[in-house]
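The values are calculated or read from the model by the stated rules, or taken from the named source; none is laboratory data. Just so it is clear, the structure is predicted and the values come from calculations on it, not from any experiment. Backbone-built Cβ (ideal geometry, glycine too); neighbour counts: all protein chains shown. The accessibility values were calculated without ligands, DNA or RNA, using every heavy atom of the protein model including side chains. Shrake-Rupley method; radii C 1.70, N 1.55, O 1.52, S 1.80 Å.
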Amino acid sequence: MEADVIIAPIADNKMFYVMAQFVDGEINADVALHSLSASKLGQQYVFKTSKAIEKLKLIEKYYLSKPEREECRKRLIERGFEIDTKLKLAKREYKTGLYIEEILK
């Protein structure tokens, strides 16, 4: 299927870490899902064609000051700790979920 625009969750290093653990069989699907639920990553938009790009309209520009950029960095670090905590708790609570090799049978 061809698409002009793709909308999908934003992927960051923590998401890749959780997914790698799932793919490597270290955690089950339930643990992965509950760990990722803490990420609150938001959506990303990919404009793949000229047709899609031509429809874009700049509404506003934002510039972040140095303190605002530092606050963003701080929140990213805090979110990482939230995901780590959620992963640890989910590993204890969801011991009976399916592992990747069971899902792909």
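Some points to look at:
- Whole-Å distance, taken between Cα centres, linking the stretch 90-104 and the stretch 12-41: 11 Å
- Comparing Gln43, Ser65, Asn28 along the charge dipole axis of the chain, the residue lying farthest to the positive side is Ser65, per the Cβ-charge model.
- Of the GluC sites (Glu not before Pro) in the stretch 9-103, the ones in a loop by DSSP (not H, G, I, E or B) with at most 14 other beta carbons within 10 Å are Glu26, Glu60.
- Pair Ile103, Lys88: separation of 7 Å Cα→Cβ label points (nm): 2.5 nm
- Under 20 Å, Cα to Cα: Lys pairs in the chain, sequence gap 8 or more or different chains: 14
- Where the Cα pairs of the chain fall when distances are cut into 10 Å bins, in %: 13, 30, 28, 21, 8, 0
- Computed from the C-beta positions of Asp12 and Phe47 and an R0 of 22 Å, the FRET efficiency is 0.60 to the nearest 0.05.
- With every protein chain in place, the chain: carbon and sulfur % of accessible area (1.4 Å): 58 percent
- Estimated distance in nm for a label pair at Arg73 and Thr96, the labels positioned 7 Å out from Cα along Cα-to-Cβ: 4.6 nm
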